[in-house]
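What follows is a set of notes on a single structure, which appears directly below.
The values are calculated or read from the model by the stated rules, or taken from the named source; none is laboratory data. What you are looking at is a predicted structure, and each value in this text was computed from that prediction instead of being measured. Note that we place each Cβ from the backbone using ideal geometry, even for glycine, and neighbour counts take in every protein chain shown.
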Amino acid sequence: MALTYQSVQTNTSNGSTSVVVTKPTSLAVGDLMLAQYSIHTDTISSTFPSGFTLLDSRIETNNSFTSEIYYKIADAGDVAASNFTFGDLSSTADKAASIIRFTNPNASPFIAYNGQVNSSASTDCATPSIATSPNSVIVLFQASAPSGTGTASGQTIATSPPTFTEIYDLQASSARMQISCAYGLRFESTATGAGSITQSGSRRSIGQIVSVDTLPITSTQTESVTLTDSKILSLAIVISEAISMAENYISDKLKKWTTQNKSSSPTWTNQDKS
């Protein structure tokens, strides 16, 4: 079965050193949890749930914000938990976080991931290009620190873009941290080209892209072959063989010559008649 998006949980906070995200609905052992954590500071000292692995971290220094991507394959402890906490020990700035649940991940789920800081104000949030395997799930993340309401839309990639489905578009209550995410199934095993997310308003941003490998689609086909052996009794078989022989004749064979005549003009006789 292929990797499949199932559910997501998000949350924001302001005035606290942490943000708490509820466990994704129906989380089961073996599920892939893909998390985004963003904070309105560029001097981050992250804290994140035990067992989560950091994939990519980017810092935009002009507007002072950070976006990080984590993952974990869920175990029994995660299934028993009620929530997960992301934070920063030294900052109470705006925070936004999410945990996305995918089922049927590969044992080594990631082919590639990368990120890009877009330090020039623009309505476009870009990501780098990455390579993918066949039937990869491409996930695009966007983060910004708008001074007012901020939204994202139009997620795509430059080369062979799939149809992207937006999972969330989230903004902290004080409007100083905004994040979004969308995913799409891509069949090609080539580079994605640059990713693109449209932002409302012109602002600086961080774009991050992740390629998640899927389990190969397999099928079992059973075939049978019947062989029939027919025999004809009393069958006479005649075998004829032809053999060719080659004989070599040595034309320059030395001849034997003798003479019995001792005169000054002897007569010579050839003794070899061959």
(request) Determine the pairs where a residue that is of a type in the set (Asp, Glu), located within region 119-136, has a partner that is in a strand (DSSP E or B) with Cβ atoms under 6 Å apart, the partner being 6 or more residues away or on another chain. (result) 124/196
(request) Look at region 12-41 and say how many of its residues are of a type outside the set (S, T, N, Q) and surrounded by fewer than 19 Cβ atoms within 10 Å (Cβ to Cβ). (result) 5
(message) Here is a list: 48, 102. Which entry is aromatic (Phe, Trp, Tyr), surrounded by 15 or more Cβ atoms within 10 Å (Cβ to Cβ), within 23 Å of residue 10 (Cβ to Cβ) and modelled with pLDDT of 95 or more?
(response) 102
(message) Quick test for you: out of 129, 147, pick the one residue that is assigned to a loop (DSSP other than H, G, I, E, B) and either within 25 Å of residue 73 (Cα to Cα) or under 21 Å from the mean Cα position of the chain (by Cα) (or both).
(response) 129
(message) Being over 30 Å from the mean Cα position of the chain (by Cα) and of a type outside the set (A, V, I, L, M) narrows it down to one residue among 106, 114, 14; which is it?
(response) 14
(request) Kindly indicate whether residue 154 is in a strand (DSSP E or B) and at positive phi. (result) yes
(request) Can you work out which of the residues in region 157-202 that are assigned to a loop (DSSP other than H, G, I, E, B) and among the β-branched types (Val, Ile, Thr) is nearest to residue 5 (Cα to Cα)? (result) 163
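Table: residues versus (1) modelled with pLDDT under 60; (2) among the hydrophobic types (A, V, I, L, M, F, W, C).
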residue: 176; (1), (2): no, no
residue: 179; (1), (2): no, yes
residue: 183; (1), (2): no, no
residue: 187; (1), (2): no, yes
residue: 203; (1), (2): no, no
residue: 209; (1), (2): no, yes
residue: 216; (1), (2): yes, no
residue: 256; (1), (2): yes, no
(request) Could you tell me whether residue 21 is within 25 Å of the chain's Cα centre (by Cα) and either more than 25 Å from residue 118 (Cβ to Cβ) or at pLDDT 95 or above (or both)? (result) no
(request) Would you please list the contacts, defined by Cβ atoms under 7 Å and residues six or more apart or on different chains, that run from a residue in region 186-197 that is closer than 12 Å to residue 130 by Cα to a residue that is of a type outside the set (Ser, Thr, Tyr) and in a loop (DSSP other than H, G, I, E, B)? (result) 189/134; 191/130; 192/130; 193/158; 194/128; 194/158
(message) Residue under question is residue 5, and the condition is that it be modelled with pLDDT of 95 or more and surrounded by fewer than 22 Cβ atoms within 10 Å (Cβ to Cβ); does it hold?
(response) yes
(request) Kindly state which strands (runs of 3 or more DSSP E) lie completely within region 1-100 and contain at least 1 residues that are acidic (Asp, Glu) and under 21 Å from residue 145 (Cα atoms). (result) 53-60, 65-73, 83-88
(message) Based on this model, can you work out whether residue 74 counts as farther than 30 Å from residue 204 by Cα and surrounded by fewer than 20 Cβ atoms within 10 Å (Cβ to Cβ)?
(response) no
